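Taken together, the values in this text are just the output of simple stated rules run on the coordinates, not laboratory data. Nothing here was measured: the structure is a model prediction, and the numbers come from that model. Reconstructed Cβ throughout: ideal geometry from the backbone, glycine too, with neighbour counts over all protein chains shown.
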Amino acid sequence: MIGSTNSRIVVTLARHEYRAAARNRVLAALVLVLVAITTVSVLIGAIDYHSQVADYQRYVAAARSSGVTQTAPLPLQVLSLLRGAFEYLEIIGAIIAIVLGYMSIARERTSNTLMLLQTRPITSMQRALGSALGALAIIATLLLVTGAIAVLCLGVIGGDWLAPPELLKLTLALLATIPYMGAFYCLGVVLTAHARSLSNGLMAALVIWLAVVLIIPQVGDTMDPDNQVPGGLFQSLGVDKPTELKVLAKFTTYEKVRNDLEEASLAKHYERFTFGMTDVKDKYRGFTLTHLLHEKRNDIAWLAAYMLVLGAALHRSYQRQPALPRGGTP
Amino acid sequence: MTNASPLDSAAIELDGLRHRYDMDDVLRGINLSIPRGEVFGFLGHNGSGKTTTVNILTTLIRPTAGSARVCGLDVEREPMRVRQLIGYLPSDIRMYDHMTALENLEFFARLSGVERPRSAALETLDYLDCADLAGKRVGTFSTGMRQRIGIAQAVLHKPVVLFLDEPTAGLDPSGVRHLRETIQRLNSELGVTIFMNTHQLSEVAKVCTSIGVLNHGELIYTDSIENTTARFPDEASLEGIYVRVEAGA
């Protein structure tokens, strides 16, 4: 009985959060921008893919007609066309999540309804869970729409409907977006709840977003010599793999610092996981799903850890949230 | 845990209640007992500590020292049980502007654990003679309309004690009269104990059965309206009595 009452209250709060977010114009505009640029990105990729497949088919036909029996495989991976979509989710998706978190706190403060909530027989845990579930439902809806558009564009325009294993990999990549955006949602809630003013909280969250999503991964990328030349520095110099490893062995501290910088960024783990799942990285092509998940277990663990730590901070914020405005009249 | 049943105890009991904001003693050891069924008017000048007392009784803030009980339940130890028994109308009541009155009430009814939230919301609107507001968005409401929906959210779960913080603020004369009638009906028909912070002495004289006067965080006077008027026979209005009580503090 108590359990069902608890879950009823959590569902009520989650539905309330979902509806309020769905009716917010700023959020709707951000979601629209994300969906639009994601669609354009996949669309352009699909058109390009379609023409490259046609070229490949012409090459195969020409090779066969000239008596060649063995032809090179199609050098394209259809899922890798979604690279742009996942990059947009990484950048704009994180902003949407922060705004969701900010609005969750700002709505109750500005509408003066916080006191009404805090005088109801509901716990801070129920409020935190309800709010988080509502936000996650918004994120899941967004991902469902993005995923559906991607699949349709690839099928209709690119002429390549995803096979079940590819669909599964796409689903896993989209699922990884939930803890990623969820962590930024928690960040938005925590900083807005603790800041002296609502706008200060939002600004602080956006500064962290800037560091985590744009600056730190970029610094890590720039420090990687392999990223400075197309195809890789060593390959372009004609250095073979054993020699490359010998050279790199002299820069272990440098490499560790560079890798640690990247590891500190939640965005980098998300990128590594989704790029692995969508065949963006050559080295993972041909991996079985189990093997791929095993390779990516570190990134999964980091995503889960960020989400859990920030989720705990979110609960703490609801526990300590003052019912009365700071400096309010006694 | 207290042994007293919520049904037997006094509606409100304050025992040496103190509260301090930073270095400022807002409440300086208040002792007060309000029996069930009263309409209690809590009077005092701005900053005297009235709202702080209500905030403690509604579990929004914790007292620095002393205790506060609602229907025998300690507000610090059993806040969840206290919240089940109380209704609260803050001053400057606002609700979710993007939602209709009915949606707002249904939402708060669900959070209060009401079994049939939609029916409860409709019944409450009907009881308070504002069923016509059900489908309208709260964002379009006047102060008076907001106040009526505010009272509806405070009573839809049938609380035992209702806290009203400056309920007449911003209301026009007809709004004040409507509020007075509502308070009287809730008290006489449903037996709700009402604790009201207010500056409107004329309203206190019309609806309250007892009063308390707070001055700089100290309760300097408390008695029934009947005894109060008998004690000051030469004063024609409660305003005159209030001035004399404050002057004698």
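Quick notes on this structure:
- Centroid-to-centroid, using Cα positions, segment A:170-244 and segment B:70-103 are 43 Å apart.
- Over all pairs of different C-alpha atoms in segment B:1-137, the reciprocal of the mean inverse distance, the Kirkwood hydrodynamic radius, equals 16.9 Å.
- Mean projection area, nm², convex hull over Cα of segment B:154-225: 5.3
- Derived from the Cα gyration tensor, the three semi-axes of the equivalent ellipsoid of chain B are 29, 22, 17 Å, largest first.
- Whole-angstrom Cα spans of segment A:1-86 along principal axes, big to small: 75, 34, 13
- Semi-axes of the equivalent ellipsoid for the protein assembly as shown, computed as √(5λ) from the eigenvalues of its C-alpha gyration tensor and ordered from largest down, come to 64, 25, 18 Å.
- Over all distinct Cα-Cα pairs of segment A:157-273, the Kirkwood formula returns a hydrodynamic radius of 17.5 Å.
- Only Cα pairs under 8 Å and 6+ residues apart enter the sum, and on that basis the relative contact order of segment B:18-169 stands at 24 percent.
- Average Cα contact separation per residue, segment A:70-173, under 8 Å, 6 or more apart, as relative contact order %: 34
- Lysine pair count for the protein assembly as shown with Cα-Cα distance under 22 Å and sequence separation of 8 or more or different chains is 20.
- Averaged over the residues of peptide A:105-113, the number of Cβ atoms from other protein chains lying within 10 Å of each residue's Cβ is 3.
- Share of pairwise Cα separations in segment A:2-319, more than 37 Å, in percent: 27
- Dipole axis of chain B (+1 Lys, Arg; -1 Asp, Glu on Cβ), positive-most option in B:F232, B:Y21, B:L201: B:Y21
- Under the combined filter of DSSP loop state and at most 16 neighbouring Cβ atoms within 10 Å, segment B:163-246 retains none of its chymotrypsin sites (Phe, Trp or Tyr not before Pro).
- The mean count of C-beta atoms from other chains within 10 Å of the C-beta of residues in A:7-14, rounded to a whole number, is 2.
- Length-normalised contact order for chain A - Cα pairs under 8 Å, 6+ apart - percent: 26
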